[in-house]
Amino acid sequence: MLKLHFAPNSRAVRTLWLLEELGLPYELNMMAFHPKDLKSDEHRARHPLGRIPVLEDDGVIIWESGAIAEYILERHKNGGLKPAVDAPEFPAYLQWFHYCEGMVMPPVNTIVVHTLLLPEDRRDATVLGQAQRLLTRSLAPVDQALAGKEYLIGAFSAADTMLGHAAVMSNRLGCVPDEMTNLKAYTARLEARPAFLKADSFG
């Protein structure tokens, strides 16, 4: 059985969401988002930097949330959430799947560091403001791409568990302006999905 090493309020939520969308059985190892768990010798044996998510599958250990998603889809996809390579939607699927970590999550990380993780005396308002503006700009193409669509490539896909999770986080951080009506409606649709609600309830 798949085993997911998980901590709340992290990228591990998107992995759990994907597992729930696919209806795959899994075991969940709940960890605290704290060095006592993540930097423990036990967890560093799974991930050398002490990060999550980490997926175990019959002796295989794999980390990086995008790599985990691709692994699950290729080995356990249960018939869905990724278009065929020759499908017209495949190029857009690849683009939005990787846009998440390439463009959206770097400023999200900076915002989280300068609003939640650093003590107040070490937070930098200039750096924070730059990251917030960059995040909003990076979301503009997503808002445009969602015009007339419920999901990124039309039908729901694993691109939505990747980029959609980042969009939900961005909205919760206050970086999706009201004029991005497509993106606002999109995040609301995602947050109403039963599999998202299940995954989000853990973190």
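The values are calculated or read from the model by the stated rules, or taken from the named source; none is laboratory data. Remember, it's a predicted structure, so these values are computed and weren't measured experimentally. Every residue, glycine as well, gets a Cβ built from its backbone with ideal geometry; the counts of neighbours run over all protein chains shown.
At a glance:
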read-out	value
Residue within region 102-110 that is polar (S, T, N, Q), assigned by TED's automatic domain parsing to the domain that holds L152 and buried (at least 16 other Cβ atoms within 10 Å of the Cβ) present	yes
Enumeration of residues in region 51-72 that are part of a loop (DSSP other than H, G, I, E, B) and surrounded by 13 or more Cβ atoms within 10 Å (Cβ to Cβ)	R51, I52, P53, E64
Filter pass, Y93 being closer than 16 Å to L183 by Cα and in contact (Cβ under 8 Å) with a residue 12 or more places away in the chain	no
Subset of region 61-96 [under 24 Å from L49 (Cβ atoms) and under 18 Å from the mean Cα position of the chain (by Cα)]	I62, W63, E64, S65, G66, A67, I68, A69, E70, Y71, I72
Count of residues meeting criterion [closer than 24 Å to K77 by Cα and either surrounded by 14 or more Cβ atoms within 10 Å (Cβ to Cβ) or touching a residue at least 60 places away in the same chain (Cβ under 8 Å) (or both)] in region 9-42	18
Selection count, region 180-193, where residues are under 15 Å from L81 (Cβ atoms) and surrounded by fewer than 18 Cβ atoms within 10 Å (Cβ to Cβ)	0
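Conditions (1) touching a residue at least 24 places away in the same chain (Cβ under 8 Å); (2) crowded, with 20+ Cβ neighbours inside 10 Å; (3) of a type in the set (D, E, K, R), marked per residue:
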{"position": "H98", "(1), (2), (3)": "yes, no, no"}
{"position": "G129", "(1), (2), (3)": "no, no, no"}
{"position": "D160", "(1), (2), (3)": "yes, yes, yes"}
{"position": "H165", "(1), (2), (3)": "yes, yes, no"}
